[in-house]
Amino acid sequence: MAVAVTGTFSQLAFGKSLGLDYPLLSDWDGLVANRYGVQYREWLGHSGVAKRSIFVIDSDGVIRYRWHTDDALVLPHFDEVVEVLRRL
């Protein structure tokens, strides 16, 4: 499952375009981002925007990988994420 602060219809189109076979959940109100501590107070004049972040959570609900940045232009090291997923 993946969660993003985007509208449901955008996520449906995104998932379809990539052929994803797992659910994409909308955090339109920012509740999930807030609870995980990855929400900007304000970003470019907008409130409730999620920071660029990745969490890998196993089937027992344990966070196995966590990454976030305050700089929205910084990308994560995707190789690290893939390695964590492979180990699961």
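The values are calculated or read from the model by the stated rules, or taken from the named source; none is laboratory data. Note that this is a predicted model, so its numbers are computed, not measured. Methodologically, a virtual Cβ is constructed for each residue, glycine included, from the backbone with ideal geometry; neighbour enumeration extends over all protein chains shown.
For ARG52, the conditions (1) modelled with pLDDT under 90; (2) in contact with a strand residue (DSSP E or B) (Cβ under 6 Å, 6 or more places away or on another chain) are fulfilled apart from (1). For the range 46-71, the set of residues classified as within 19 Å of GLY7 (Cα to Cα) and of a type in the set (Gly, Ala, Ser) consists of SER47, GLY48, ALA50, SER53, listed by residue number. Scanning the range 37-49 for residues that are of a type in the set (Ser, Thr, Tyr), modelled with pLDDT under 90 and surrounded by fewer than 12 Cβ atoms within 10 Å (Cβ to Cβ) turns up at least one hit.
Annotation: of all residues in the range 1-36 being charged (D, E, K, R), surrounded by fewer than 13 Cβ atoms within 10 Å (Cβ to Cβ) and closer than 25 Å to GLY61 by Cα, the one that is modelled with the highest pLDDT is ARG35. Where helices (runs of 4 or more DSSP H) sit wholly within the range 3-88, those with at least 2 residues that are of a type in the set (Val, Ile, Thr) and in contact (Cβ under 8 Å) with a residue 24 or more places away in the chain occupy 78-87. Test TYR65 against the stated conditions and say whether it is under 21 Å from ARG87 (Cβ atoms) and surrounded by fewer than 16 Cβ atoms within 10 Å (Cβ to Cβ). Judged against the criteria, TYR65 is not a match.
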